[in-house]
Amino acid sequence: MKIAVVGGTGLVGQGILLELSKDTTLELHSISRNGKRPNSIAGVNYHSFDLVHDTSWHSLLQTSDWVIDCVGILLPNKSKNQTYENSSIEPAKLIIDSIANFDNKFLFISANSAPFFLNNYLHAKRTVENYASRKLGNRAISVYPGLVYSKFRRSNYYLALSLIHISEPTRLGMISYAVFCLK
């Protein structure tokens, strides 16, 4: 089975590829702007593509059994010209459009809740989910991993550990038990 992870060098993409790489029968591909990194995972084929200005990545997605979308940002960054529209929504639409006429499945890493200051983040996730559903029907699947953290990304690691240790299931429910740790 051939699986392409778009955004495969990011925090979530690397975590997914690390888990998938345990199954040596899978043909794994990572698509990102940067391609292979020093901490790249053995057994994964890394590709460097600009989703907006290059179309050669289309054939890789179109021939994959599964396309997993991990592209996006948590917060906008004006100095890097990163908005939810140009860094989360538009790349997802390009990915979805490229596979719309094929039979492969699309897995979108979404979110189902967040603090009030991330309302625009949640809106971007819903926008992609709705677009994927309209274009791909039941081939589009969204998953909601909860709080994602890694010991290598200190900005979210200590927050996640604090929530795990201080929260009660009845108070924070989903946050306290739907935490996904990437090693």
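The values are calculated or read from the model by the stated rules, or taken from the named source; none is laboratory data. Because the structure is a prediction, the values reported are computed rather than measured. Positions of Cβ are backbone-derived with ideal geometry, glycine not excepted, and every protein chain shown enters the neighbour counts. Areas reflect the complete protein model, heavy atoms only, side chains present, ligands, DNA and RNA absent. Shrake-Rupley method; radii C 1.70, N 1.55, O 1.52, S 1.80 Å.
With the condition kept exactly as written, say whether any residue in region 79-101 is without any contact (Cβ under 8 Å) to a residue 12 or more places away in the chain, open to solvent by 50 Å² or more (accessible area, probe 1.4 Å) and in contact with a strand residue (DSSP E or B) (Cβ under 7 Å, 6 or more places away or on another chain).
No; the residues of region 79-101 include none that is without any contact (Cβ under 8 Å) to a residue 12 or more places away in the chain, open to solvent by 50 Å² or more (accessible area, probe 1.4 Å) and in contact with a strand residue (DSSP E or B) (Cβ under 7 Å, 6 or more places away or on another chain).
Taking region 60-75 as the search range and keeping residues that are open to solvent by 70 Å² or more (accessible area, probe 1.4 Å) and at pLDDT below 95, which one is nearest to the chain's Cα centre (by Cα)?
Applying the filter and picking the extreme gives LEU74.
Could you list, in sequence order, all residues of region 21-43 that are within 16 Å of TRP66 (Cα to Cα) and either surrounded by 11 or more Cβ atoms within 10 Å (Cβ to Cβ) or modelled with pLDDT under 85 (or both)?
SER21, ASP23, LEU26, GLU27, LEU28, HIS29, SER30, ILE31
Kindly check whether there is at least one residue in region 121-138 that is at pLDDT 85 or above and more than 26 Å from ASN86 (Cβ to Cβ).
Yes: one or more hits.
Filter region 114-138 down to residues that are closer than 23 Å to ASP103 by Cα, without any contact (Cβ under 8 Å) to a residue 24 or more places away in the chain and not charged (D, E, K, R) and give me whichever is most open to solvent (accessible area, probe 1.4 Å).
ASN138
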